[in-house]
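Colleague: Here it is, the structure in full.
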Amino acid sequence: MIDVHFPQVERLVLDLDGLADLVDSSRPGWSRVAMTEVDTQSRYWVAERMRAEGLDVRVDGIGNVIGTLRGRGSRRKAIVVGSHTDTVDGGGRYDGIVGVVGGLEVVRLIRESGIQLEHDLQIVDFYNEEVNRFELSCLGSRAMAGTLTASHLATTDDRGRTLGDTLSAAGWDPQLDQTRWADDEVLGFLELHVEQGPVLERQGLPLGVVTSICGISRFRALFSGQRDHAGTTPMTSRHDAGCAAAGVVLAVEEIASSAEQAVGTVGSVTFTPEATSVVTESALLTAEFRSPDEGWFTLAREQIAEAAATQSARRGLTHSLEWSPWERPTAMDPRLSGIIGTSIRQLGHPAAQLYSGAGHDGVQMARLGPVGMIFIPSVGGRSHCPEEFTDSKQIAVGVHALAQSVVNLDQEGLS
Ligand SMILES: [Zn+2]
């Protein structure tokens, strides 16, 4: 096995700083939200950095920036490395960014280590990975995987503007038939990302091999009761929709807590009317569950249905429960994870395994080929906030593992 050189920390810091300069200064943190001017600027900055490394660069219709290092073979399949440079509003400097900056360093390391790859290596800065104001995430990877549809583009924001029009106004031209990749182009997709949680840091581990990306299932529950005087209506004669919603809030917490790898979050509860002197007539609750265990979701849905029915019946209410189309857990490819694990051990580190609670472009890329991810620690497990931090030396260790994985995948293939 060929050993790849260790990354140059100063070069990584230079690129991280370059992107940190391209932010919306009117917003908190390091905000580079998709479909804003600064996001467009940063995409052309990334394209320029790729060109400087000698890559063939194209920016597709939806804004994916793709740089190719040609392999010497005539293999059709390419190794794809990528992540995203858009952030949430008020986000940090590392989420997604380390995977793109890391990809550039991988190209430099391969060259400096005297390696010529058999396969093409494509570095991708995916367009709009974070959830946008149209409640959609992973636009770029969806467009590549063929799962971005005309009905997605027709979705409107709260001002009545469509996603398609908003993309056009930002300078993109989402021709869905042209952004889509063929089914046989990807040998393997590799992403380096900050963990965004506390597991690696707590265990003192520098690297993690991701086993799967959690599934997400969201629901809304609506309880309807009777509006009454808060002073004169005895507790025994009330039909208080707010209390039923409160019961389901606690059920979400209890159901998720009783499973080993699940989380559950109530995002909003809306009472009508919102008045202290009136018994609540209706209450609307939105919540979500996440878990890497596909089978568990069936149980969770049953338990929520039971909790909602019990809370409703106890107070003489009517209720409805509506589950949105869900995202199943995405397993990483065991062969690719095997190569990542071997590469990490080759560099002298333990290859710990963990799952991802956050969604990633890999969910979409799994439709095009085998997917594998490497996590590096997030200080305090903090992410999607200005405090998000990973030491540059630790980023370099992650980039080293990524580069070694690319080289080993190129040599060994997947069998
Ligand atoms: Zn991310």
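Colleague: May I ask for the angle, rounded to the nearest 10°, between helix 392-412 and the longest principal axis of the chain, with both axes built from Cα atoms and the value confined to 0 to 90°?
Modeller: 70
Colleague: Using a Gaussian network model of the chain with C-alpha springs under 10 Å, which one of Asp24, Asp184, Asp158 is most mobile by mean-square fluctuation?
Modeller: Asp158
Colleague: Can you pull the Rg over Rh of the range 39-93, Cα-only, Kirkwood?
Modeller: Taking Rg over the Kirkwood Rh, I get 1.04.
Colleague: Let me ask you something else. Suppose only helical runs count, i.e. DSSP H with n ≥ 4. What mean residue ellipticity at 222 nm does that imply for the chain under -39500 (n - 2.57) per run, divided by all residues and rounded to the nearest 500 deg cm²/dmol?
Modeller: -10500 deg cm²/dmol
Colleague: Another question, if that's okay. For a quick check: sort Cys214, Cys243, Cys385 by the number of other beta carbons within 10 angstrom, fewest at the front.
Modeller: Listed from fewest to most nearby Cβ atoms, that is Cys385, Cys243, Cys214.
Colleague: Expressed as an acute angle from 0 to 90° and rounded to the nearest 10, what is the orientation of the C-alpha long axis of helix 97-112 relative to the principal long axis of the chain?
Modeller: Value to nearest ten degrees: 10.
Colleague: Also: Please rank Arg32, Arg76, fewest neighbouring Cβ atoms within 10 Å first, as an exposure proxy.
Modeller: On the way: Arg32 29, Arg76 11.
By the 10 Å Cβ count, ascending, the order reads Arg76, Arg32.
Colleague: In whole angstrom, note down how far apart the Cα centers of the range 279-301 and the range 161-175 are.
Modeller: Answer, in whole Å: 33.
Colleague: Run the quick spin-label model on Val13 and Asp177: label points 7 Å from Cα toward the beta carbon, then report their separation in nm to one decimal.
Modeller: Using points 7 Å along Cα→Cβ, the separation is 5.1 nm.
Colleague: Further, regarding this structure: Compute the distance in nm between two label points, each set 7 Å from the Cα along the Cα-to-Cβ direction, one at Met235 and one at Thr272.
Modeller: For the pair Met235/Thr272, the computed spacing is 2.8 nm.
Colleague: If contacts are Cα pairs under 8 angstrom and at least 6 residues apart, what is the relative contact order of the chain in percent?
Modeller: Rounded, it is 23 percent for the chain.
Colleague: Apply 1/(1 + (r/R0)^6) to the Cβ-Cβ distance of Leu136 and Gln203, taking R0 = 30 Å, and write down the FRET efficiency to the nearest 0.05.
Modeller: 0.30
Colleague: Let me ask something else. Can you work out the FRET efficiency for the pair Asp165 and Ser320, with r the C-beta to C-beta distance and R0 = 35 Å, to the nearest 0.05?
Modeller: With R0 = 35 Å, the Cβ-Cβ based efficiency is 0.60.
Colleague: To the nearest 10 degrees, how steep is helix 296-314 against the longest Cα principal axis of the chain, on a 0 to 90 scale?
Modeller: That works out to roughly 20 degrees.
Colleague: Another question, then. Taking loop as defined by DSSP and a crowding limit of 13 other beta carbons within 10 Å, which GluC sites (Glu not before Pro) in the range 315-415 fit?
Modeller: Of the GluC sites (Glu not before Pro), the ones in loops of the range 315-415 whose Cβ has at most 13 other Cβ atoms within 10 Å are Glu387.
Colleague: Here is a follow-up. Taking 0.36 nm per residue of sequence separation and subtracting the Cα-Cα distance, how much length would be gained by fully extending the chain between Ile2 and Ser258, in nm to one decimal? Show your work: numbers first, answer last.
Modeller: Details: separation 256, 0.36 × 256 = 92.16 nm, distance 4.61 nm.
So the chain would gain 87.5 nm between Ile2 and Ser258.
Colleague: Semi-axes of the range 272-348's equivalent ellipsoid from the Cα gyration tensor, sqrt of 5 times each eigenvalue, largest first, rounded to whole Å?
Modeller: With the √(5λ) rule applied to the range 272-348, the semi-axes are 45, 15, 10 Å.
Colleague: Please give the contour-minus-distance gain from His349 to Gln303: 0.36 nm per residue of separation, less the Cα-Cα distance, rounded to one decimal in nm.
Modeller: My answer for the length gained is 12.4 nm.
Colleague: Same structure again: Starting from 0 in steps of 5 Å, tell me what percent of the Cα-Cα pairs of the range 1-100 lands in each bin.
Modeller: For the range 1-100, the pair-distance distribution reads 2, 11, 20, 23, 19, 12, 7, 4, 1, 0.
Colleague: Find the Rg to Rh ratio for the chain, where Rh is the Kirkwood radius over alpha-carbon pairs and Rg uses the same atoms.
Modeller: Answer for the chain: 1.03.
Colleague: At what distance in angstrom do the alpha carbon centres of the range 8-49 and the range 120-144 lie from each other?
Modeller: Using only Cα atoms, the two centres lie 16 Å from each other.
Colleague: Send over the Kirkwood Rh of the range 31-174, from the inverse of the averaged 1/r over different Cα pairs, rounded to one decimal Å. Working shown, then result.
Modeller: On the way: mean 1/r = 0.0632 Å⁻¹.
Result for the range 31-174, one decimal place: 15.8 Å.
Colleague: Within a 10 angstrom radius of the beta carbon, how do Met35, Met332, Met144, Met1 rank from fewest other beta carbons to most?
Modeller: Numbers: Met35 21, Met332 24, Met144 30, Met1 11.
In order of increasing Cβ crowding within 10 Å: Met1, Met35, Met332, Met144.
Colleague: Given a 10 angstrom Cα cut-off, can you work out which residue in Ser268, Ser291, Ser356 is the most mobile in a GNM of the chain?
Modeller: Among Ser268, Ser291, Ser356, the largest mean-square fluctuation in the Gaussian network model of the chain belongs to Ser268.
Colleague: Over the alpha carbons of the range 215-323, what is the largest minus smallest coordinate on each principal axis, giving the biggest first in Å?
Modeller: Extents along the principal axes, in whole Å: 49, 21, 20.
Colleague: What is the distance in Å between the Cα centroid of the range 311-375 and that of the range 196-245?
Modeller: 21
Values quoted throughout were computed directly from the atomic coordinates according to the rules given, and no laboratory measurement underlies them. Model, not experiment: these values are computed from the prediction. Heads up, the Cβs are rebuilt from the backbone with ideal geometry, glycines too, and the neighbour counts pull from every protein chain shown.
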